[in-house]
Amino acid sequence: MTLSNAPRIDAQEILAGIKEWVEVESPSTDGAAVNRLVDKVAVQLAQIGARVERVPGRDGFGDHIRARSPWGGDGPGIVVLGHLDTVWPNGTLRRRPVTVEGDKVFGPGIYDMKSGDHIAFYAYRHLVRQGRETKLPVTFLFVSEEEVGSPTSRALIEETARNAKYVLVMEPGRPGGAVVTSRKAVGRFDLRVRGVSAHAGAAHENGRSAVAELARQILALEAMTDYARGITVNVGVASGGTPGFANVVPDQAAAEIDFRAPDLASSDEMVRRISGLAPLGKDVSVEVSGGINRPPFEKHEGVTRLYEHAKRCAEELGQELPEVSTGGGSDGNFTAALGVPTLDGLGAVGAGAHAEHEHILVSSLEPRVRLMVKLFETLE
Ligand SMILES: [Zn+2]
C-alpha cells in the first residue's frame, strides 16, 4: 500500500469550503455584510501566497478583491472573475440554511455564484499546495455588487481585463456542464409620466391620468419584444398615484424597464426606440432616462478559440463541455466587449439562480475543479 500526502481533489472538501462562504450572508446592498465575506476570502487568498489588493467600495457597496499570483510578473495573464454578493437579503440563511438532499445542495447564493468562486480558489490552491506554478500569472478579481449591475466595479473590471490574455468567469455552469460563450446586452431605463391631477368625482374631465398613460406606454414597450430576433422588453416595476387616494386623478407614474438584445446593432436600436418614447395620450408628458447597462457578450474569435481550448481540456479529462448562449448578463459582458477572450459559466452545475430552489450538484464539483486546474496549467 502506498501512502501519499499529495493533495487530492475531494468533492466533500470543496463542498465544505463552499458552505463556509455561503454561510456568510452578502446581499449586494449591504456593504458591511459583503465585507465580512471579503475579509474571509482575502485572508484565505493571502494564506496561499497571493498578493491581495483590497479596493475600497463606494456608495455603500462592499470592497473588491484583486489578488495576484506571486509568479508570472506583471504582464498579461489569466483573470478569474467572480462576484461575492448575492440577491438574498440578510436572514435568508436562517430560513433556508445550507442543506444536502442527495446530489443537490441548497443555499442562498450557492449556485450564483459562491460555488464558482470557490472552485477557482480550490483549483489554484491545489496547484500551490504541490509547489506548481502556471505559465501565465493568475489574477483573482472578486467584486461586491454584480447583482445590481456592477456600478462601482465596472472600471476596475475593465482595467484588469485590459491587462489580461484570458478571462475565466466563474458564474454558474449550465445543464449538462455547459459553459457560456455569449450573452445578450442588458439595458435599463426609468420612465416618468406626468399628467394633471383632478378630483375624481367633481372634476374628472379636467384630469389627465398619468397612470392611464403609463398603462398605454407599458403595452407599447412590451410590444417591442421580438422573440424571433432575441429581443425582450420587460416592465418590471410600475407605480403611480398616491396610495390610499383612489379619488384623485393621478398626475404622476413611473416604471423601470429592462431590455435584452443579442448584438450591438439591435441593442443600439432598442436604446433609440425606448429613449424616443413619446406621449400617447393628451396633455401628458413622458421622460425617459437610462441606457445600456451591459454591452453584448458576442462570440468573437477570441471567445471561440478559448472555448475550443477548454473543450479539448475537458475531453482529455473525459468530460463534455457544451456551450450555451444566454439572455442573462454578467461581468463577462464587460470583458468580452473589450475583445478579451472570455469564457463564462465555469462554476458548478445546478439550477435556480435568484430562486428559492437554488442549488448545485455535488457531482459537478470535482470535474469543474479538474477543468480549472487544467485551464490554469495549459493556457499560455
Ligand atoms: Zn452571478
Being of a type outside the set (Phe, Trp, Tyr) and part of a strand (DSSP E or B) is the filter here, so list the residues in region 283-307 that pass it.
SER285, VAL286, GLU287, VAL288, SER289, GLY290, GLY291, ILE292, ASN293, ARG294
I need a count of the residues in region 338-363 that are among the small types (Gly, Ala, Ser) and crowded, with 21+ Cβ neighbours inside 10 Å.
4
Number of positions in region 332-363 that are in a loop (DSSP other than H, G, I, E, B) and more than 18 Å from GLY77 (Cα to Cα)
10
Among strands (runs of 3 or more DSSP E) entirely inside region 29-114, those with 3 or more residues being modelled with pLDDT of 95 or more and among the aromatic types (Phe, Trp, Tyr) are none
Unique match (being more than 16 Å from the ligand (Cβ to nearest atom) and either part of a strand (DSSP E or B) or within 24 Å of SER153 (Cβ to Cβ) (or both)) among VAL324, VAL233
VAL233
From (1) outside any strand (DSSP E or B); (2) more than 23 Å from GLY77 (Cα to Cα); (3) outside the structural domain of ARG216 (by TED's automatic domain parsing), pick out the condition that doesn't hold for THR242.
(3)
Within region 312-344, can you find the residues that are farther than 27 Å from HIS354 by Cα and over 23 Å from the mean Cα position of the chain (by Cα)?
ARG312, CYS313, ALA314, GLU315, GLU316, LEU317, GLY318, GLN319
Restricting attention to region 9-52, the residues that are within 22 Å of the chain's Cα centre (by Cα) and free of Cβ contacts under 8 Å to residues at least 24 places away in the same chain number exactly 5
Enumeration of residues in region 171-221 that are among the acidic types (Asp, Glu) and within 15 Å of the chain's Cα centre (by Cα):
GLU171
Among (1) within 20 Å of GLY302 (Cβ to Cβ); (2) crowded, with 22+ Cβ neighbours inside 10 Å, SER153 falls short only on (1)
For region 213-234, the count of residues that are among the hydrophobic types (A, V, I, L, M, F, W, C), surrounded by fewer than 19 Cβ atoms within 10 Å (Cβ to Cβ) and either closer than 19 Å to ALA278 by Cα or touching a residue at least 40 places away in the same chain (Cβ under 8 Å) (or both) equals 6
Just a yes or no: is a residue in region 186-197 within 16 Å of the ligand (Cβ to nearest atom) and of a type in the set (Asp, Glu)?
no
Options GLY345, GLY327, GLY281: the member that is small (Gly, Ala, Ser) and closer than 15 Å to GLY176 by Cβ:
GLY345
Look at region 104-152 and say how many of its residues are on the phi > 0 side of the Ramachandran plot and within 12 Å of the ligand (Cβ to nearest atom).
3
Is it the case that GLY352 is in contact with a Lys or Arg (Cβ under 9 Å, 6 or more places away or on another chain) and either within 16 Å of the ligand (Cβ to nearest atom) or at pLDDT 95 or above (or both)?
no
Name, by its number, the condition in (1) of a type in the set (Val, Ile, Thr); (2) surrounded by 24 or more Cβ atoms within 10 Å (Cβ to Cβ); (3) more than 16 Å from the ligand (Cβ to nearest atom) that does not hold for THR99.
(2)
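The values are calculated or read from the model by the stated rules, or taken from the named source; none is laboratory data. All values reported here derive from a predicted model rather than from experimental measurement. Every residue, glycine as well, gets a Cβ built from its backbone with ideal geometry; the counts of neighbours run over all protein chains shown.
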